[in-house]
Structure formats: structure tokens, C-alpha cells
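Data first, discussion second: the structure below is written as C-alpha cells.
Any read-out appearing in this document is the output of simple, stated calculations on the displayed coordinates, not a laboratory observation. Values in this document were obtained by computation on a predicted structure and should not be read as measured data. Heads up, the Cβs are rebuilt from the backbone with ideal geometry, glycines too, and the neighbour counts pull from every protein chain shown.
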Amino acid sequence: MTQSQPGPPTITLSAGKSPPAALLPRLRTVADALRQVTAPTGACLLVIPEPKAKPIIEPLCESRQVFGRRQSYGWAQERGKLSRDHFEILRPSPGEWSIRDLGSRNGTTLNDKPIGDAPVPLHDGDLIEAGRIILVVLLPEP
């Protein structure tokens, strides 16, 4: 008796839709990074500065956090294409998170779609790209 081999995992975005084909290579990078970290206990970003780099856990603990070269995040200063104040993550109320671009030169994408200066809700597993950096939103269950 032979056992069937499991197929590749199905990847779905928080909205329940399959990701665009253009996102698949980046999602594989994310999956590889997730295998290298211990599960966080609170809301955070999994920062992947470049493919095959060790991921960094960045806690989300304030009601407003700005990300870019100006802040003291080592991963942001070492990589190109980030503006001084690139994007911010907001927590308008407990359990709710949103993101907005701060007029960055190279823009910010959320799940492969450009975002502007209006806050866009974040969900667990969302994929943010800013400059050359990939960030994955990890939110605890409510």
C-alpha cells in the first residue's frame, strides 16, 4: 500500500481569495521565514529584509508606529528604497489595526495593491511591501 504525498499547501489571503500569481514567490519567501521563528504572543510584524535573511519580529505595541529610515529599526536603515517616514501602522481601538503610506517615494503595497494616505484595515497574514522589504502582519485571535 502506498501513501499519497500531500500536495502543496493552499495559500489564501485574509479575504479568502487566492493570491495573485505575482505574489506567490514572495509568499514562498514568507513561508520560509515563518519556519525560522518562534510564534509571537502579541500583535507584530514579521520583517523579511531580503530573501533568505533571518526574519525579525517587530512588536506592534503602540497606537501609532511609524516605519522608515528615520526610526531606529536597523533593518530599515540597512536596506534601500525606504523613505525616512515610509508608512505607519495605527491601532484606532483594541484589536483593530490599519496601515497608511506617508507619502513615500516608492510607495507601500498591501497584498500587492498600492495604498495611499487613507488608513486601510490590516488582517492577520496580510503582506506589506515597502521598498525592498517584505513584512507579514501577525495578529492574535481576538
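Starting at 0 and stepping by 10 Å, how many percent of the alpha carbon pairs of the range 94-142 end up in each bin?
Pair shares across the bins are 26, 56, 17, 1.
With 10 angstrom as the radius, rank Glu58, Glu96 by how many other C-beta atoms surround their C-beta, starting from the fewest.
On the way: Glu58 19, Glu96 13.
Taking fewest neighbouring Cβ atoms as first place, the list is Glu96, Glu58.
Label Lys54 and Thr109 with points 7 Å out from Cα along Cα→Cβ: what is the distance between them in nm?
For Lys54 paired with Thr109, the spin-label model returns 2.9 nm.
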